[in-house]
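Below is one structure, written out as structure tokens; comments come after it.
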Amino acid sequence: MATPPPFLNSNNPNPLTQASSRLPEDTVIYSIYPDNPLSQDALQSLHLQILNAVSPFTTSYIWQHEPFTLSIALHPFPHLKGHLRFGDNLNDEWFTVFLLFRVSVAFPSVSIQVHDSDGEFLLIEAAYHLPRWLNPENSQNRAFIRRGKLHIIPQSALPNPTLTESLNFLIENEQAAVAPDSVQYVIQNRIAGYPEKAKLNTHSVRVRVPVSVARVFKHAPSLISLAVEGFYDRDMDSMKHAAKMERFLKGRKGGEEEMVTVTVKMSRAMYAQLMQQRFQAPKCYPMPAKKGDLEAELGMKIACGLEMMYQEKKKEGEEGKGSGWKKYKESLEKSGYFKGLVPGSNEYTRLMENAEEYYKNSSLFSKTREMLNAPVRQIDEILSLPYSADEFKNEDAPPSDDDSWLYSGEDELNSALQDRQKEMELYELKREKKKSKEQKDTGASSSLKGEDFDLSELVKTMQGFMHKMSSYEGAEVHNDRDPKEVELDVERFMKDVESVMKYQGDENVTRDMDDDGGSSDMDFGADSNLLLKAADESEDGSDMSDHEDGEDSFMHSYSDVMNNELKSTTLKKSFVHANEQTSVKNEGTSNATEDMDEEFSPVDVDVNLVKNLLDSFACQQGLPGPTSNLLGLMGVNLPKDDNKGK
């Protein structure tokens with residue numbers, strides 16, 4: 001299986017995770033940095049100009065959770081920042097990227113940084129086209145959007161860049177940081193079709209709802225996102241509000257609200273969230289007797305979601321304990337403020353009351369309260385004016401959009417998978433070409449080609465490989481190679497070594513070798529008795545002064561016995577011996593070889609090494625094999641036999 005690029009390897013740590021851990025996982029974070037330091041007034045002016053530039057694209061867009069926003073930040077230096085929770089709707093994230101690219105074109109003197117909980121998701125998207133040196137560990141402060149293009153700060157220029165260094169580099173060396181065309185193509189292809197694609201993401205559906213709900217959506221259609229969120233993220237506490245429907249069914253004095261039919265716009269993701277969940281209508285909610293009325297069912301889910309959202313926001317706004325309080329409480333717990341006390345105990349309750357009192361007097365409390373109260377105030381203001389069902393009776397409610405897309409996503413998914421498969425195949429093709437080129441370059445630079453191939457260099461390389469010390473991690477290989485894991489039963493190996501080296505008698509050796517109930521892999525058979533006998537005779541015939549002398553005596557005896565055993569075989573004919581070259585030179589002296597027959601002649605290790613390697617390489621016939629793999633690990637490429645077959 002091919003090794004994925006670093007940005008597709010899930011085991012790689014994400015350096016940006018800690019920075020964005022305080023935000024929900026499905027959140028995109030972006031920052032806009034002006035080239036020149038701006039005063040607060042100038043920054044405020046830039047803020048308004050950017051919002052005006054993107055407003056034509058965002059006015060009619062239905063966001064999943066929250067709209068595109070910007071705020072002024074002064075740390076580490078004055079700039080604009082924002083974050084947007086996209087939830088289950090990835091279109092929101094890529095629409096945001098589209099907006100940021102448009103901002104970079106409209107305002108060429110700014111650099112824009114964007115990431116989400118996965119880190120540099122733009123680099124992840126273009127993982128198959130990135131430079132090989134780029135990985136999640138060294139990607140921080142490298143990717144920026146500028147003048148409508150993605151820029152990547154080169155490692156050669158800034159090995160470990162800070163934000164200030166990267167921004168200065170972009171101002172002074174902008175062209176040197178422009179990402180490759182293949183990377184630009186992937187990103188531009190991802191945001192292609194916007195803003196038209198954003199319109200296609202909108203789904204209009206006709207629903208039957210209480211008149212109060214219809215009035216809210218008539219004057220604030222964007223609140224549909226909060227209504228769907230309230231329904232989709234409901235819990236047992238919020239469902240208690242839906243059971244009463246105090247605001248949208250009994251909001252006015254007297255009876256209940258009339259029901260009207262209206263058309264509501266939402267994103268496709270919202271529509272899918274409403275459709276995929278079953279929900280029993282509260283007893284107080286008027287549902288038609290006819291079952292299977294989709295308009296009434298969807299209207300009920302939206303109305304209940306709006307009720308749950310309204311009551312929860314109102315409650316949190318009064319207490320001022322939204323997400324800001326949760327973060328504040330988490331920070332207290334991490335700092336050890338509660339001293340490990342059991343929640344509910346007297347001391348814990350006292351500390352909690354003190355923390356709540358301090359929080360209510362802080363600026364964070366007022367900001368949180370204002371933010372939570374915003375949709376509540378908006379709804380109250382809309383419903384404070386007189387309204388009735390008559391204003392909707394004469395309005396034409398168009399039929400719902402075709403929702404066949406909800407059941408035909410398989411084709412779109414297959415298309416996306418095929419595109420990714422093509423990217424993978426192209427990536428592998430480039431890797432193979434580059435690897436082949438590197439191998440050719442290595443072969444040429446090492447002067448191991450044709451008639452210039454030096455066999456002595458091969459011997460030296462092999463000797464260096466054999467004598468090199470390896471660590472517990474195994475033998476070192478080239479970075480381009482994937483080392484195979486070698487399994488070794490250390491206990492068995494050491495047992496077998498001890499069975500030979502610790503010659504404590506026939507009984508001890510047998511016990512060591514048959515410890516597992518069977519013979520060892522190093523069992524010499526019946527002939528091993530000669531070896532043991534020779535070892536015993538050596539022990540009996542000499543008084544060894546130390547362990548090393550004993551080992552030498554043993555090895556001499558072992559060698560003599562082995563030579564006698566091998567003399568009657570043809571094993572020596574399979575090796576090149578040291579005397580063969582001298583015997584060729586002294587052809588007149590025929591007694592030389594006869595005398596050598598009496599002993600097992602020494603083997604020329606180097607010559608045999610080269611001969612066996614070349615023979616094995618020739619047997620591969622140009623195909624991959626053990627010899628080329630082994631030499632390749634050492635960076636040696638044997639030349640091809642150009643004379644073969646001539």
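For Leu150, what accessible area in Å² do you get when you roll a 1.4 Å probe over the heavy atoms of the protein chains, rounding to the nearest 10?
The value for Leu150 is about 0 Å².
Say the cut-off is 27 Å between C-alpha atoms; which of Lys495/Lys611; Lys149/Lys430; Lys218/Lys244 go over it? Could the numbers behind the result be given before it?
Values: Lys495/Lys611 34 Å; Lys149/Lys430 24 Å; Lys218/Lys244 24 Å.
Going by Cα-Cα distance, Lys495/Lys611 fall outside the 27 Å limit.
For the pairs Lys265/Lys290; Lys291/Lys393; Lys81/Lys313; Lys301/Lys393; Lys199/Lys283, note any where the Cα-Cα span goes beyond 31 Å.
Working: Lys265/Lys290 25 Å; Lys291/Lys393 24 Å; Lys81/Lys313 25 Å; Lys301/Lys393 22 Å; Lys199/Lys283 37 Å.
Where the Cα-Cα span goes over 31 Å, the pairs concerned are Lys199/Lys283.
On the full set of protein chains, 1.4 Å probe, figure out the accessible area of Ser404 and give it in Å² to the nearest 10.
For Ser404, solvent-accessible area is about 60 Å².
Take Tyr337, Tyr185 and sort them by solvent-accessible surface of the protein heavy atoms, 1.4 Å probe, largest at the top.
The residues order as Tyr185, Tyr337, largest area first.
Arrange the residues Arg208, Arg132, Arg492 by how much accessible surface each exposes, largest first, with a 1.4 angstrom probe.
So, going from the largest accessible area down, we get Arg132, Arg208, Arg492.
About the Cα centre of the stretch 126-237, how large is the charge dipole given +1 on each Lys and Arg Cβ and -1 on each Asp and Glu Cβ? Please answer in debye to the nearest 20.
That gives a dipole near 680 debye.
Just how large is the dipole of the stretch 32-186 about the Cα centre, in debye to the nearest 20, putting +1 at every Lys and Arg Cβ and -1 at every Asp and Glu Cβ? Each step should come with its number before you reach the end.
Working: 8 positive and 15 negative charges, 53 e Å.
Approximately 260 debye in magnitude.
Let me check something: with ligands and nucleic acids excluded, how do Ile171, Ile124, Ile379 order by accessible area (1.4 Å probe), largest to smallest?
Ile171, Ile124, Ile379
Kindly report, to the nearest 10 Å², the accessible surface of Lys315 as traced by a 1.4 Å probe over protein heavy atoms only.
100
Based on the mean of other Cβ atoms within 10 Å per residue, sort peptides 135-142, 223-230, 49-56 so the most packed one is first.
Most protected by this proxy first, the peptides run 223-230, 135-142, 49-56.
The values are calculated or read from the model by the stated rules, or taken from the named source; none is laboratory data. From a predicted model like this one, the values you see are computed outputs, not experimental measurements. With ideal geometry, Cβ positions are generated from the backbone for all residues, glycine too; neighbour counts draw on all protein chains shown. These area figures cover heavy atoms from the full protein model, side chains too; ligands, DNA and RNA do not enter into them. Shrake-Rupley method; radii C 1.70, N 1.55, O 1.52, S 1.80 Å.
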